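The structure appears right after this line, and notes come after that.
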Amino acid sequence: MGKKNKGAAANLGRQLIKDRFGHTPRRKVDNDTMLHTTELQDGYDWGRLNLSSVTEESSFQAFLRTAELAGTEFQAEKLNITFVNPKQRVGLLSKTQEQRMHQKHVEHRDQLKIPRRPKWNKETSAEELERAENEAFLDWRRDLALLQEDEEILMTPYEKNLEFWRQLWRVVERSDVVVQIVDARNPLLFRSLDLESYVKEVEPTKMNMILVNKSDLLTEEQRRHWAEYFDAEGIRTAFYSATLVEEELKREAEAARQEEFPAVQQLRQAAEEIHQSLDKVEDTLSAIEQKIKAEIKEEEKDQLPQLPGDKNSPRLLSRLELIEFLRHIYTGPRHTEQHVTIGMVGYPNVGKSSTINSLMTVKKVSVSATPGKTKRFQTLFLDKDILLCDCPGLVMPSFVLTKADMLLNGILPIDQMRDHVPAVNLLCERIPRHVLEDKYGIVIAKPLEGEDMERPPHSEELLLAYGYNRGFMTSNGQPDQARSARYVLKDYVNGRLLYAMGPPSLPQQEYHTFPERQRKVIEESQLPSQQQRAMRIDKINTKELDNQFFSDKPTHAHVKGRTNFPNVRLANDGSLVAGNDPAAKPWRHVKKERREKLRKKFSHLDEH
C-alpha cells in the first residue's frame, strides 16, 4: 500500500512538471555556430518566489542576476579558450588599469605639491610663525590625502615630519643653485617639478639643476636621449657616477701607498727643503703665476663638455669636470659674494651622500638608504669659491602604480617588506627569462601545457630555481622563496639586474634593449630528478600523470572493497592464484605488523 502511494505521488509530480514546461521545445546548441544563446526565464526556478538572502555572489552569478534585471540576452562563445595562470600577475595591475592610472597621473600632476613656508617678516614672532607653519603643513597633508582617496591614486610614502621640510626650506633659501640628484634608471620618478617651482617662488634668480647619478649604468646613447629631453624641458643636467669616482680614488690611494719606499721618502724630504728655500722667489713670480692660471682657466672652459650657455651634454663627467661645472654654471647674484652655494637635494638611496663624499675625496656625510639618517642640513666647502649645502634625504610625494614599483626603485626598504610576490612578479616582467638564466646560471621552469610559451616567469618559478641553485632551503626541504626574493630584489636595486626607464617621448623597447642569450639552452628533462621536483611545487604535466597512473600495478585481490585475503594473490598475467591451504587460519604463526609512522609512510613525498 505504501509503495503504491509513493509511486503515484512521484508520477503525479512528474506529470505536473511536464504539463507546465513540456510545451516549450528543448533548445539545442547549433554545431555550426559554436555559440550558446541564452534567453531570459529559461531556468526552472527563475520565476519562483526566492526569499534567500544574497550578500555575496561570484562574478558569474552577478552577471546572470544583472542580465535578468536588465532584461537582456547574451551569447557565450565556446571557442578561443586560453588558460590564465593565477600566479603570474599577483599584486600587479592589468594593462588597461595601468593606462588608466597613467592618464590620472597626467591629469593630477599639478596637485602633486610640496609644503611651502608661510610668508613672514621681522615683526612676525616665533610662536606665530610656528603656528602658521603647522597650519600650512596640515592643509598640505589633507590635500594629498583627499587626492589619494578621491582619485584612488597611489603615492610614495612621503615625509610627514615637519622638521625635515624646515631643513629643505632653509637649504633653498641659502642656495644659489638647487641640485636635484636623481637615479639614472628612472630620473622622472625622483624629480620634483613642484620643488623647481618653489625655488623660483623664493627667488626668481635662483637656478635649478638635475644631477643624474649612477649614469655609468646607461649607455652614451641613452644619456643622449635624456640630455635632449631635459633640453626640451629647459633645465640644466649633468651626468655623474659617484661609484666610479670613489673606485678611482681608491686605486690612486693604493698606488700612492705602494710608491712610498724609503728612497722616495728621502727625495720628498729634499724636495720640501728646496721648496722652502724658494719661497722668496715664488713671491716675486706671483704675478706671472696669476696670469698663467687665468690662461689655463680659459683653456679649461673651452675644454669643458658643458658651459652655462650650452646645451646639455651626454658626457659622463669626472670629479674635476663636475667641480668646474658647478663653479661656472651660475652667473646671477649670490647669497654670499665670496662663494657660490650649491644646495644638494634628493631621495634616499639615489647616491646624494656618496656624491658629496666623492667630491670632497673624504667621508664627510654618513651614507644610508634609510630616510632620516641626516637630521640637519650641513655646509661643506668644496673649494674656496664653492660651498655645498647638504639637505637631509626627503621622500617627496610622487605617483607610482604599486608598492612593488617602490620596492624596485629603492624607495621602500627590502629588508622590511612583508610580501615579496608582487615585487618579484614585476621584476620578472621587466627582465627577460634568458637574462635571468644567464645571470644566475639557473634553469627556470617552462610554462605548462595550454599556457603561452612566451610569457615571462612568475615569482614562484624564479625563486624555486634560484633557491635550489644557491642552497637556500627551508626546514621541510623546500627552496626558501622569501630569502631568495631578498637577494634577487637587492641585485635589481644595486644595478646587477639592469632595467632603465626611458623618456616619455621614446618607446621603451627602443630605449632599453637586452643582450642575447649567452648560455646554452638546457631542457628540464636533462636536469637531476631532485632539481626537477624542487622547481615545480604542486605541478605535474600530463605525461608524468599518465606514467604515474599506469605504473601502479595492483598487488591484492579486491572483493566488494575487501583486500584482506592472504591466501589469494594476483599473478603477473592478471589471474588469481590461491594459496596451499585456503581453509587454514591465516593469522596464526604470523607476527603482527607494527603501526608504521606517518612521516615514514609518506617520506617519498618530501624527497628532493
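The values are calculated or read from the model by the stated rules, or taken from the named source; none is laboratory data. Keep in mind that what you see is a predicted model, and the values were worked out from it rather than measured. FYI the Cβ positions are ideal-geometry reconstructions off the backbone, even for glycines, and counts take in every protein chain you see. Accessible surface is based on the protein model in full, side chains and every heavy atom, while ligands, DNA and RNA are left aside. Shrake-Rupley method; radii C 1.70, N 1.55, O 1.52, S 1.80 Å.
Below, the figures for the structure above:
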quantity	calculated
Scan of segment 176-202 for residues that are over 20 Å from G351 (Cα atoms) and of a type in the set (G, A, S), ordered by number	S197
Residue in segment 226-245 that is in contact with a helix residue (DSSP H, G or I) (Cβ under 8 Å, 6 or more places away or on another chain), in a helix (DSSP H, G or I), modelled with pLDDT under 90 and open to solvent by 40 Å² or more (accessible area, probe 1.4 Å) present	yes
Pairs with Cβ under 8 Å, 6+ apart, first in segment 440-461 and surrounded by 14 or more Cβ atoms within 10 Å (Cβ to Cβ), second in a loop (DSSP other than H, G, I, E, B) and among the β-branched types (V, I, T)	V443/I522; P457/I444; H458/V90; S459/V90; E460/I537; E461/I444
Residues (in contact with a helix residue (DSSP H, G or I) (Cβ under 9 Å, 6 or more places away or on another chain) and among the charged types (D, E, K, R)) located in segment 200-220	E203, K206, K214, D216
Total residues in segment 319-335, condition aromatic (F, W, Y) and within 17 Å of S241 (Cβ to Cβ)	1
Selected residue (criterion: nearest to W226 (Cα to Cα)) from residues of segment 160-184 that are assigned to a loop (DSSP other than H, G, I, E, B) and out of contact with any Phe, Trp or Tyr (no Cβ under 7 Å at 6 or more places or on another chain)	A184
Verdict on Y492 being part of a helix (DSSP H, G or I), among the aromatic types (F, W, Y), at pLDDT 85 or above and more than 18 Å from A445 (Cβ to Cβ)	yes
Only one of R418, R470, R483 that is over 12 Å from the mean Cα position of the chain (by Cα), closer than 30 Å to R191 by Cβ and either without any contact (Cβ under 8 Å) to a residue 40 or more places away in the chain or open to solvent by less than 20 Å² (accessible area, probe 1.4 Å) (or both)	R418
Filtered residue count, segment 400-415, keeping only those that are part of a helix (DSSP H, G or I) and free of Cβ contacts under 8 Å to residues at least 60 places away in the same chain	1
Pairs where the first residue, in segment 124-143, is free of Cβ contacts under 8 Å to residues at least 40 places away in the same chain and part of a helix (DSSP H, G or I) and the second is open to solvent by less than 90 Å² (accessible area, probe 1.4 Å) and aliphatic (A, V, I, L, M), C-beta under 8 Å, 6+ apart	E133/L162; N134/L162; F137/L162; W140/I114
Residue, farthest from E429 (Cα to Cα), within segment 486-505, restricted to residues that are open to solvent by 40 Å² or more (accessible area, probe 1.4 Å) and touching a residue at least 24 places away in the same chain (Cβ under 8 Å)	S505
Criterion violated by F137 - all others in (1) aromatic (F, W, Y); (2) within 23 Å of the chain's Cα centre (by Cα); (3) more than 30 Å from H339 (Cβ to Cβ) satisfied	(2)
Search result, residues across segment 185-210 that are part of a loop (DSSP other than H, G, I, E, B) and either open to solvent by 20 Å² or more (accessible area, probe 1.4 Å) or over 14 Å from M396 (Cβ atoms) (or both)	R185, N186, R191, E203, P204, T205, K206
Residues located in segment 421-439, provided they are part of a loop (DSSP other than H, G, I, E, B) and buried (at least 17 other Cβ atoms within 10 Å of the Cβ)	I431
Qualifying residue in segment 385-406 (condition: within 30 Å of T336 (Cβ to Cβ), open to solvent by 40 Å² or more (accessible area, probe 1.4 Å) and of a type outside the set (A, V, I, L, M))	yes
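Here's the yes/no breakdown for (1) under 17 Å from Y466 (Cα atoms); (2) modelled with pLDDT under 85; (3) of a type in the set (D, E); (4) in a helix (DSSP H, G or I):
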site	(1), (2), (3), (4)
E516	no, no, yes, no
I522	yes, yes, no, no
Q532	yes, yes, no, yes
N580	no, yes, no, no
